[in-house]
Amino acid sequence: MRRKDAQPKIKKQRAWEIDFLRGFAIIMVVWDHTLFDLGYIFGDYWMSSGYAGLAGAAKFAQTYFRSDLRNFWWPFFVFVFFFVAGICTVFSRNNFSRGLKVALAAALISGVTYVLEFYVPGSFILFGVLHCLASCMLIFSLIEFMVKLCNRKNKKWVLPVVCLCITIAAFVLDRIYNVTLSQVVRDYASNSYDSPIAGLFVFEDSWWSADYFPLLPFFWFFMLGSVIGNVFYSKKKSLLPKLDGKWHYFFTVPGKYTLAIYIFSQVIVLALLLLVTYIVTGGIPFEL
């Protein structure tokens with residue numbers, strides 16, 4: 001029997017607009033990865049398969065990657081991805097633990113793609129989006145810890161001001177030493193610094209792999225989000241409660257599980273493309 005004095009559980013309120021943006025970003029990331037796999041891992045095989053449907057799909061994927069549409073959309077949804085992750089720091093009870101989980105997922109992806117590289121050349125991911133995101137989270141957790149240590153009077157404005165200063169500094173360094181995202185997505189442009197660790201901070205020739213996200217510019221995207229989160233979401237509540245409803249579930253549901261979707265979607269997409277290839281052509285584009 002239920003105790004009379006038992007308190008009913010209070011449902012934790014989520015800021016639906018944050019889940020909406022996270023969901024939009026992860027759906028676009030999955031879309032982009034799917035077309036990359038289709039156009040560049042399976043593309044040549046499908047184009048020469050003799051099947052018009054496969055050839056048309058591969059041609060569409062390759063055309064998309066060279067299009068002005070992707071030149072605009074890729075920087076935009078990547079910005080949203082990191083910006084919203086920065087906002088979410090205010091909702092997290094432990095940003096260090098959160099960053100550590102993402103770092104472990106990133107290490108797993110590097111391990112799996114290292115093995116896959118022997119069968120599918122160009123698959124290895126050295127420092128991809130999860131590596132960058134984990135680094136941003138861990139750096140932020142250190143900043144947060146240092147601010148709490150020094151801010152003995154617990155003034156709420158200190159953390160966002162510190163984060164804003166770091167955001168501006170990172171932005172300036174990015175503009176001085178890095179290529180732009182438009183140059184990256186259009187020409188795969190990068191820098192040629194004579195340093196083994198330069199590629200950790202900016203786009204560098206020797207660091208290119210299947211997925212490459214150096215700290216800049218993405219770190220300042222993330223830090224800008226943390227500023228917005230601390231200023232506008234300090235109460236950890238939605239700013240648009242009247243617009244909440246079932247209409248946004250297509251984006252908000254995946255927005256709650258972005259890490260799992262990012263990891264497993266790549267495996268599922270590759271498996272489905274392999275299955276389709278084998279069913280239609282009786283073969284696969286590489287030897288296992």
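The values are calculated or read from the model by the stated rules, or taken from the named source; none is laboratory data. All figures in this text were calculated on a predicted structure; none of them were measured in a lab. Cβ coordinates were reconstructed from backbone atoms using ideal geometry, including for glycine residues, and neighbour counts include every protein chain displayed.
Restricted to the stretch 124-143, and to residues there that are surrounded by fewer than 20 Cβ atoms within 10 Å (Cβ to Cβ) and not hydrophobic (A, V, I, L, M, F, W, C), the residue that is farthest from residue 235 (Cα to Cα) is 128. Scanning the stretch 249-264 for residues that are buried (at least 18 other Cβ atoms within 10 Å of the Cβ) and either within 19 Å of residue 115 (Cα to Cα) or of a type outside the set (A, V, I, L, M) (or both) gives 251, 252, 254, 255, 258, 262. Screening the candidates 242, 237 for the property of being among the charged types (D, E, K, R), loosely packed, with under 13 Cβ neighbours inside 10 Å and assigned to a helix (DSSP H, G or I) yields one hit, 242.
The set of residues in the stretch 238-275 being closer than 26 Å to residue 49 by Cα and without any contact (Cβ under 8 Å) to a residue 12 or more places away in the chain consists of 267, 268, 271, 272, 274, 275.
Run residue 120 past the list (1) part of a helix (DSSP H, G or I); (2) surrounded by 15 or more Cβ atoms within 10 Å (Cβ to Cβ) and report the number of the one that doesn't hold. Result: residue 120 fails condition (1) only.
Given the structure, is residue 128 on the phi < 0 side of the Ramachandran plot, in the same structural domain as residue 222 (by TED's automatic domain parsing) and of a type outside the set (A, V, I, L, M)?
Spelling it out, residue 128 is indeed on the phi < 0 side of the Ramachandran plot, in the same structural domain as residue 222 (by TED's automatic domain parsing) and of a type outside the set (A, V, I, L, M).
In this structure, does residue 130 turn out to be closer than 17 Å to residue 89 by Cα and assigned to a helix (DSSP H, G or I)? Yes; evaluated as a whole, the condition is true for this residue. Residue 111 fulfils the conditions (1) touching a helix residue (DSSP H, G or I) at 6+ places or on another chain (Cβ under 6 Å); (2) in a helix (DSSP H, G or I) except for a single criterion, (1). Filtering 162, 231 for residues that are among the aliphatic types (A, V, I, L, M), more than 21 Å from residue 81 (Cβ to Cβ), more than 21 Å from the chain's Cα centre (by Cα) and in the same structural domain as residue 111 (by TED's automatic domain parsing) leaves a single hit, 162. For the stretch 82-123, how many residues are among the hydrophobic types (A, V, I, L, M, F, W, C) and under 30 Å from residue 239 (Cβ atoms)? Selection size over the stretch 82-123: 12. Here residue 8 clears all of (1) in a loop (DSSP other than H, G, I, E, B); (2) at pLDDT 95 or above except the condition numbered (2). Restricting attention to the stretch 27-53, which residues are in contact with a Phe, Trp or Tyr (Cβ under 6 Å, 6 or more places away or on another chain) and under 30 Å from residue 239 (Cα atoms)? Selection gives 28 alone. Among the listed residues 270, 181, identify the single one that is surrounded by 15 or more Cβ atoms within 10 Å (Cβ to Cβ) and either assigned by TED's automatic domain parsing to the domain that holds residue 40 or in contact with a Lys or Arg (Cβ under 6 Å, 6 or more places away or on another chain) (or both). Sole residue among the options that is surrounded by 15 or more Cβ atoms within 10 Å (Cβ to Cβ) and either assigned by TED's automatic domain parsing to the domain that holds residue 40 or in contact with a Lys or Arg (Cβ under 6 Å, 6 or more places away or on another chain) (or both): 270.
Being in a helix (DSSP H, G or I), over 20 Å from the mean Cα position of the chain (by Cα) and of a type in the set (A, V, I, L, M) is a property that does not hold for residue 224. For the stretch 35-78, the set of residues classified as among the β-branched types (Val, Ile, Thr), at pLDDT 90 or above and over 30 Å from residue 226 (Cα atoms) consists of 63 only. The set of residues from the stretch 185-207 being of a type outside the set (Asp, Glu), surrounded by 14 or more Cβ atoms within 10 Å (Cβ to Cβ), in contact with a strand residue (DSSP E or B) (Cβ under 9 Å, 6 or more places away or on another chain) and free of Cβ contacts under 8 Å to residues at least 40 places away in the same chain comprises 190, 191, 193, 198, 202, 203.
Residue selection: residue 81 satisfies the criterion of being closer than 26 Å to residue 102 by Cα, modelled with pLDDT of 90 or more and crowded, with 19+ Cβ neighbours inside 10 Å.
Quick one: would you say residue 156 is loosely packed, with under 14 Cβ neighbours inside 10 Å and at negative phi? Here the answer is yes, as residue 156 does meet what is asked.
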